[in-house]
Amino acid sequence: MLGKKKQPRRPTGQFDTLISAKTSIVGDLQFAGGLHVDGKVRGKISADESDSAVLRVSEVGEVEGDIHAPHVIINGTVHGDVYASEHLELAAKASIHGNVYYNLIEMAMGAAVNGNLVHQKEPVGLLDRKEPVARSLAEAESEEPADAE
């Protein structure tokens with residue numbers, strides 16, 4: 001139809017890797033395809049640069065660390081920043097303690113974000129972000145030239 005926006009391509013429900021409820025992992029994770037977290041992960045979770053990579057944190061899942069993935073579905077707890085370069089879905093029991101960087105977002109009633117929501121128009125390069133997005137006030141002031149009298 002004329003003027004109708006193209007719907008974003010949603011990832012399939014297939015998950016290649018499962019971290020079960022009785023599993024706790026300490027360390028950074030790199031994954032491709034789908035990762036479903038029912039247990040606890042303490043460390044950074046990063047997806048390969050594939051547009052179809054999906055991370056799902058279930059109602060009983062918990063992540064302590066940053067998340068970098070194109071498609072992220074959260075219904076559990078995250079203590080860290082979330083970088084969803086394509087699509088982020090926050091279900092009713094989602095609890096995020098950190099900043100959220102997203103391109104497209106869905107947020108159900110009951111989901112909680114204790115941090116900033118930052119819209120990223122261009123998903124390209126979001127997964128490779130090395131520098132911090134925000135600077136402290138002291139850093140910004142130190143770069144300003146002193147007033148000449």
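Within the set of pairs 6 or more residues apart or between chains, which connect a residue that is touching a residue at least 24 places away in the same chain (Cβ under 8 Å) and over 14 Å from Gln30 (Cα atoms) inside the range 63-75 to a residue that is in a strand (DSSP E or B) and charged (D, E, K, R) with Cβ atoms less than 6 Å apart?
So the pair list comes out as Glu64/Arg42; His71/Glu86.
Which residue pairs have Cβ atoms closer than 6 Å, lie 6 or more positions apart in sequence or on different chains, and pair a first residue in the range 43-59 that is in contact (Cβ under 8 Å) with a residue 24 or more places away in the chain with a second residue that is of a type in the set (Phe, Trp, Tyr) and assigned to a strand (DSSP E or B)?
Ala47/Phe31
Could you tell me which of the residues Gly125, Gly110 is modelled with pLDDT under 75, surrounded by fewer than 15 Cβ atoms within 10 Å (Cβ to Cβ) and at positive phi? Walk me through it before giving the result.
Numbers: Gly110 fails: modelled with pLDDT under 75.
Of Gly125, Gly110, the one residue that is modelled with pLDDT under 75, surrounded by fewer than 15 Cβ atoms within 10 Å (Cβ to Cβ) and at positive phi is Gly125.
Would you tally the residues in the range 65-119 being more than 11 Å from the chain's Cα centre (by Cα) and either within 21 Å of Gly34 (Cβ to Cβ) or among the small types (Gly, Ala, Ser) (or both)?
15
The values are calculated or read from the model by the stated rules, or taken from the named source; none is laboratory data. Here the structure is a predicted model, which means the values were calculated and not measured. In this analysis, Cβ positions are derived from the backbone assuming ideal geometry, glycine residues included, and neighbour counts consider all displayed protein chains.
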